[in-house]
Amino acid sequence: MMSAAGGGDAAAPVGAAGPAASYGAANSVVDPDNAPQAGARFRLPASTEEVKALMKEGWKKAKAELKVTFKDLPALIVPWVLFCVVLVPTGLYTTTSLGYCALALGIALGIGFLLLSYGRAWKTLAVTCLVAVALGEGLGVYDRYKYLNPYFIYLRSPWYTDVLSSAQPDAYRDAGFLGFSADAQVDPSMGLGYQSGDQWCVAPIVGMGRSERRTGQPTGFWAVGKDCCNARGQFQCGNLNSNKVHGGLIVKDLGSFDDAQIPTYTLAAQAASKTYGLRVPKEPIFVEWSTQPSSALAAMYGDAVNFVILAVAIFFIIVPLMALMLSCLDLALTDRDNDEHWHTDRVENMKFGFEFVPKNWSRDVTLDLMNNRCYWSGEVIYDYAFHIANKHMYFGVLFCHPAHPYSKWERLVVCIIVSLFIIFPVSAFSVTFGSEGSLHTLVTLVLVTVPRNVLKLYLIQITQEDSLEELEEGANPDGARVRSALQWEIGFLALCGVLCGLTVAICTIYIQSATTQPLGEVLRENCDGLGFAFILEPLFDLVIPFVGLDAYEGTWTLGFFGRWRRERNHYESKVHQQQNAEKLDADAAMRQLELNRGRPRPLFRDAGTEILLAPEAQFRHRSSRRPKLGAYGGYDPAVFVGTGYQQADAPFETVPSGRMLH
């Protein structure tokens, strides 16, 4: 006897789809609050509208149970970004030192994330970052040995033209490309296919109207290919029908991941010599008959680029896979309650990129952004993603906070000017002294990268001057002081643009007079300067020391992670202060905390020389003079409000923190 889905002994009626009903009852998720009553039977949806309603309800339940939110994306994308940062310079750039810098950056970030993360989800993400760095390095090395090294070997090898087919091959052993004389041709009738896995095809290169078999001269040059001939004759490898083709690339065993080719081609040539009565030297030269060497080189470099693009695209699936894994493990990144190590109020202020609905951000947020605050959410990975989005020259153009005083259009102008100042001088230098070697790297680092940092620093300071006047000086946004600062900014950027245009014009004229290479090709070959600019900025950000002043006199910390820890400790000490003030009246306690805090100031001032300021400090210009880039970060002279003592001859002077300056 068979039981119905709802209980009892009655058989399922005709049309009730008994097996389907049993399957649905066994696998459906039953809500305890809406459990079916005894005797009720499972019913399939009767219409498409009902199906859509059920799917919508199921999606809402799944979304409610999902531990990953859109706010997790900046953190989830960090492993993929580190993978790309390590893979691209390792696999595509000529300078190996750039790949080493990228690897050092990835390892330092991964270890820092692992040591300073709190939650299990963030620890898991930190381990994923280290795995991404290792995979990026491994695939980059593979790409370099598989595709890039052959490209560089052929590029650096000499090219010979007007070579006689009867010449001795030993004289051209170092060649990368051979162009034969006009009477040279491939004899397809004497082709031979040697079967060894693939069909290894060879055919002699002979002089027109002359037979090496009749003259008895050794045949030292052979056209080769794979799976493009019969066992005898019908050699069809390469462009044999073109009268413009008289050469090709020499086959080289480069010690890469491919199997050696020359031994097998030698066996094929020896078999052809016995078949057709030819003489073969001990080490003949094998040529891949092709149209132009430049097209062959472009194809080699294209293979390297395609491999990197494919690896980057495939590895991007780490983002949804990581989200799925965290959900399966019931781990949350940002979808969690406020606690000691996660500050939801601060996370709400961490906006990446553009905002489609304008929001009025508080003055404290704007000041914290201008002061390059590091500690926000409480988790170091999320805070670093926000920090680099607002500080990096290239990332900041798209991903900086909408309320950042250093706006996106200012960043774009600075980015263009600085990038042009990098690539054109390096390219002009390379056409005379070469684009490789330690001298080229030294020039890129010293003569280009260091001035770039100084110029970028001063440009950032100038572009933020109008916001500084408005926020810290309390000036009217439409007043004369703010307009003056904005005019100075526009004028300075225009002057930089003119100087940049003159530099580009001079370098272009010099490059075109010094080489016959197209300008675009020269610039592409010397874009490693931009790679150094991209990698060294976050690398320096991890190692630049911060020096303490005032209450922090004699103390210092190192880089982003050191600053993040100091700001974290300061924040936690303020939380403990607030907890200890519970015995006081709530309003009085808040007034006391605000008095201790003063105006919203950072622990560190990042301008010129990195400065560690007292958290209770207030800081402003003593006069309306424009700041100059000095030993103390460009804000000289200034009023430094802190612990209550006077510094007569110091670049900062202090007065009691309870005295507010306006």
All but one of (1) over 30 Å from GLY529 (Cβ atoms); (2) within 23 Å of the chain's Cα centre (by Cα); (3) surrounded by fewer than 20 Cβ atoms within 10 Å (Cβ to Cβ) hold for SER419; which doesn't? (1)
Note on MET393: of the conditions (1) among the aliphatic types (A, V, I, L, M); (2) modelled with pLDDT under 90; (3) farther than 26 Å from ARG565 by Cβ, unmet is (3)
If PHE307 passes every condition in (1) over 19 Å from VAL86 (Cβ atoms); (2) open to solvent by 30 Å² or more (accessible area, probe 1.4 Å); (3) among the aromatic types (Phe, Trp, Tyr) but one, which one does it miss? (1)
When only residues in the stretch 159-191 that are among the small types (Gly, Ala, Ser) and in a loop (DSSP other than H, G, I, E, B) count, which is surrounded by the fewest Cβ atoms within 10 Å (Cβ to Cβ)? ALA182
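From the list ALA121, ALA126, pick out the single residue that is part of a helix (DSSP H, G or I), open to solvent by less than 30 Å² (accessible area, probe 1.4 Å) and either of a type in the set (Lys, Arg) or more than 27 Å from PHE532 (Cβ to Cβ) (or both).
Of the residues listed, the single one that is part of a helix (DSSP H, G or I), open to solvent by less than 30 Å² (accessible area, probe 1.4 Å) and either of a type in the set (Lys, Arg) or more than 27 Å from PHE532 (Cβ to Cβ) (or both) is ALA121.
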Cβ pairs under 7 Å, 6+ apart, first in the stretch 474-494 and modelled with pLDDT under 70, second charged (D, E, K, R) and open to solvent by 40 Å² or more (accessible area, probe 1.4 Å): ALA475/ARG481; PRO477/GLU470; VAL482/GLU470
Among the helices (runs of 4 or more DSSP H) lying completely within the stretch 23-114, list those that include at least 1 residues that are at pLDDT 80 or above. 73-76, 78-92
Across the stretch 299-320, what is the number of residues that are within 24 Å of the chain's Cα centre (by Cα) and either at positive phi or among the aliphatic types (A, V, I, L, M) (or both)? 13
Within the stretch 129-158, considering residues that are open to solvent by 10 Å² or more (accessible area, probe 1.4 Å), at pLDDT 90 or above and of a type in the set (A, V, I, L, M, F, W, C), the one nearest to ARG173 (Cα to Cα): VAL141
Taking the stretch 506-523 as the region of interest, how many residues are open to solvent by 70 Å² or more (accessible area, probe 1.4 Å), without any contact (Cβ under 8 Å) to a residue 60 or more places away in the chain and in contact with a Ser or Thr (Cβ under 9 Å, 6 or more places away or on another chain)? 0
Among the residues listed as THR334, THR366, THR275, the single one being among the hydroxyl-bearing types (Ser, Thr, Tyr) and open to solvent by 40 Å² or more (accessible area, probe 1.4 Å): THR275
Lone qualifier among LEU109, LEU115, LEU82, LEU87 - being over 13 Å from the mean Cα position of the chain (by Cα) and surrounded by 22 or more Cβ atoms within 10 Å (Cβ to Cβ): LEU109
Any residue in the stretch 349-367 that is more than 22 Å from the chain's Cα centre (by Cα) and small (Gly, Ala, Ser)? yes
For the stretch 192-222, what are the residues that are within 17 Å of VAL287 (Cβ to Cβ) and modelled with pLDDT under 85? GLY207, MET208, GLU212, PRO218
Tally, over the stretch 223-270, of residues that are open to solvent by less than 30 Å² (accessible area, probe 1.4 Å) and either free of Cβ contacts under 8 Å to residues at least 24 places away in the same chain or more than 45 Å from the chain's Cα centre (by Cα) (or both): 6
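The values are calculated or read from the model by the stated rules, or taken from the named source; none is laboratory data. All values reported here derive from a predicted model rather than from experimental measurement. Virtual Cβ from ideal backbone geometry, glycine too; neighbours counted across all protein chains shown. What goes into the accessible areas is simple: the full protein's heavy atoms, side chains included, and nothing from ligands, DNA or RNA. Shrake-Rupley method; radii C 1.70, N 1.55, O 1.52, S 1.80 Å.
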